[in-house]
Amino acid sequence: MNDKAQYDVVIVGGGIAGMIAANRAAQLELRAVVLEQGSDEKYLCNTRYTGGTFHICLREITLDEETLRQKIVESTAGFVKPELAEVIAREGRRVIRWLQDEGMRFMRASASEYHKWVLAPPGRSRPGLDWEGRCGDVLLRTLEGHLSSRGGALVRGARARTLIMDAGRCAGVVAERNGTEVPYHARAVFIADGGFQGDAGLVGRYISTRPERLKQRGAGTGRGDGMKMASAAGAALIGMDRFYGHTLSKDALTNDNLWPYPYLDALITAGLVVDASGQRFVDEGRGGVYVANAVARLEDPLSAHVIFDGAIWEKAGRNGLIPANPHLEREGATIYRADTPEALASAAHLPADTLKRTISEYNDAIAGKRLQSGYTPSRQTARYEACPIATAPFHALPMCAGITYTMGGISVNAHAQALRADGGVIEGLYALGAAAGGLEGGPEVGYVGGLAKGGVTALVAAEHVAASIP
């Protein structure tokens, strides 16, 4: 162990993962300090903005372990590390109980299974941001108060810069505070700084060649500092090319009432998505998160449109807690409408012949039940019904990809310990929440759940450190 340790645990990042980890460590009589780069009392991070839904792969988080494990493996098409699927499935329910013991309240937000465990008071049920005094804000303020009462500390305005390494073991962090570098020596370091979606260079390297044409759907404060420090210390990175997010109206880039909601999933999974040439380029049946990733990979991520008809607008468009219809139009989103596909193409500045052919081929594939064979790209129908585009008025809605958090990150084991490329453990170094990779992503862009991932990795990491200290 490190004889110079000022702390047992230094946590980089004051979001849900960092604050749960710090409090659990303090409960276990460990000296814990959280280094948070934000200097404001209510520093921004994705947890402040969260809608507060705890789920695992859109399934109820307290279901039996085997059901959830299988769902994680299925959703990620086997990309997930088996040991991570097991720990998330086993420990997710304990996160709920732990938060309840901390005084957090939960409510059921809708009849949907995955809305059974939602933090109260809930996020807003209309477009735009309104987070103060709501679920994520209350969570962080509550946990900060408990950490203080347990003898831990939250240091604001401290941006971690370098890991302190001692003979291959992580022994602390050097952070920048008020222009000065301050060392924080510790027995263990938890990287919990929320992914790299806020760093345009990293997003450009791994996610999209045009990062400036993506919309930050979260706080945008995750800049990959912990990931870069860990990588420099020999940690392996995994699954870096995928993110959790949704497609939004293109106008969300300039209109704050159009993000983080309403997103376009219900329209996309019922209708079709085309690029600037008027052709399909993605399987819409794989869901909104998958489509958002495909849009981000386009040469121009702002060139895509979702195409749908009047029937889809009136039915699927009204699905969800904050539905596209009527909120998109009410908040000023651009929606092109016309009585024919040719007129729609003219209004949306798309090639008329190509768009007409795309719609016709799509309708024919539905009628002939050929969506999954002889149709390119093929379209899944197991989760979402593909609806014909046949009822005027026809609609075209310009889209953008909204990135909430990156799914890839530091390779970890079931204790959230950071791993080298050969699978060996970097003693003293852990990665939590969105900083950890190997759970979400893969070819199907499997989404497991950010809050569940953050809570579970926080608990298991704190408990592993406590068990490791004599």
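The values are calculated or read from the model by the stated rules, or taken from the named source; none is laboratory data. Worth saying up front: this structure is predicted, and the values here are computed from it rather than measured. Note: ideal-geometry Cβ built from the backbone for every residue, glycine included; neighbour counts use all protein chains shown. When the accessible area is computed, the model is the full protein with side chains, heavy atoms only, and any ligands, DNA or RNA have been set aside. Shrake-Rupley method; radii C 1.70, N 1.55, O 1.52, S 1.80 Å.
Put a plus charge on the Cβ of each Lys and Arg, a minus charge on the Cβ of each Asp and Glu, and nothing anywhere else: the dipole of segment 153-192 about its Cα centre is then about 120 debye. The simple Förster model, with R0 at 56 Å and r as the Cβ-Cβ distance, assigns R126 and D166 a FRET efficiency of 0.60.
Backbone phi angles across segment 166-174, fed through the Karplus curve with coefficients 6.51, -1.76 and 1.60 (θ = phi - 60°), yield HN-Hα couplings of 9, 6, x, 9, 7, 10, x, 9, 9 Hz in residue order; Gly and Pro are listed as x. For the pair E83 and A153, label points projected 7 Å from Cα toward Cβ lie 3.4 nm apart. List the aspartates and glutamates whose Cα lies under 14 Å from the Cα of K356, skipping any in the same chain that are fewer than 8 positions away. Filter leaves D275, D309, D339, E342, D364. Here the accessible area is traced with a 1.4 Å probe on the protein chains. For the chain, carbon and sulfur cover 46 percent of it.
Mind scanning K116/K453; K215/K315; K215/K250; K81/K215 and naming the pairs with a C-alpha gap bigger than 19 Å?
Details: K116/K453 17 Å; K215/K315 27 Å; K215/K250 9 Å; K81/K215 30 Å.
Flagged as over cut-off: K215/K315; K81/K215.
Measuring with a 1.4 angstrom probe and ignoring ligands and nucleic acids, R420 comes out at about 80 Å² accessible. Taking label points 7 Å from Cα along the Cα-to-Cβ direction, A421 and D364 give a separation of 5.0 nm.
Normalised Debye scattering of segment 398-470 at q = 0.16, 0.19, 0.22 Å⁻¹ gives log10 I(q)/I(0) of -0.59, -0.78, -0.97, counting only Cα atoms as equal scatterers and leaving out solvent.
What FRET efficiency do you get for Q6 and S231 if R0 is 22 Å and r is their Cβ-Cβ distance, rounded to the nearest 0.05? Let's see the in-between values first.
On the way: r = 25 Å, r/R0 = 1.14.
The formula returns an efficiency of 0.30 here.
Here the label points at A200 and A111, each 7 Å from Cα along the C-beta direction, are separated by 4.6 nm in the simple model. For segment 312-342 versus segment 220-264, the spacing of their alpha-carbon centroids is 26 Å.
Positive end of the dipole of the chain (Cβ unit charges, origin at the Cα centre): among F106, W131, G220, the Cα lying farthest that way belongs to F106. Near the amide H of G402, within less than 5 Å, lie the amide hydrogens of K215, H246, T247, L248, all on another chain or at least 5 residues away, with H placed in the peptide plane. Note that segment 337-416 shows a convex hull volume over its alpha carbon atoms of 170 Å³ per residue.
Give me the dipole magnitude in Debye, nearest 20, for the chain about the Cα centre, with unit charges on the beta carbon: positive for Lys and Arg, negative for Asp and Glu. Before the final figure, lay out the partial values.
Numbers: 51 positive and 52 negative charges, 69 e Å.
Approximately 340 debye in magnitude.
Taking amide H as placed 1.01 Å from N in the peptide plane, the amide H of E427 sits under 5 Å from that of C170, each at least 5 places away or on another chain. The V174 and N319 beta-carbon pair, evaluated with R₀ = 60 Å, returns a calculated FRET efficiency of approximately 0.75. Per-residue ellipticity at 222 nm, computed for the chain from helices alone with -39500 (n - 2.57) per DSSP H run of at least four residues, works out to -9500 deg cm²/dmol. Largest first, the extents of the alpha carbon coordinates of segment 97-183 on the three principal axes equal 53, 30, 27 Å. So I have [x] 104, 77, 52; [y] 75, 47, 43; [z] 72, 52, 49, and one of them is Cα extents along the principal axes in Å calculated from this model. Which one is it? Checked against the structure: label [y].
Roughly how many Å² is the accessible area per residue of the chain, as a whole number, for a 1.4 Å probe? All intermediate terms of the calculation are to be shown ahead of the outcome.
On the way: 17830 Å² over 470 residues.
With all protein chains present, the chain gives 38 Å² per residue.
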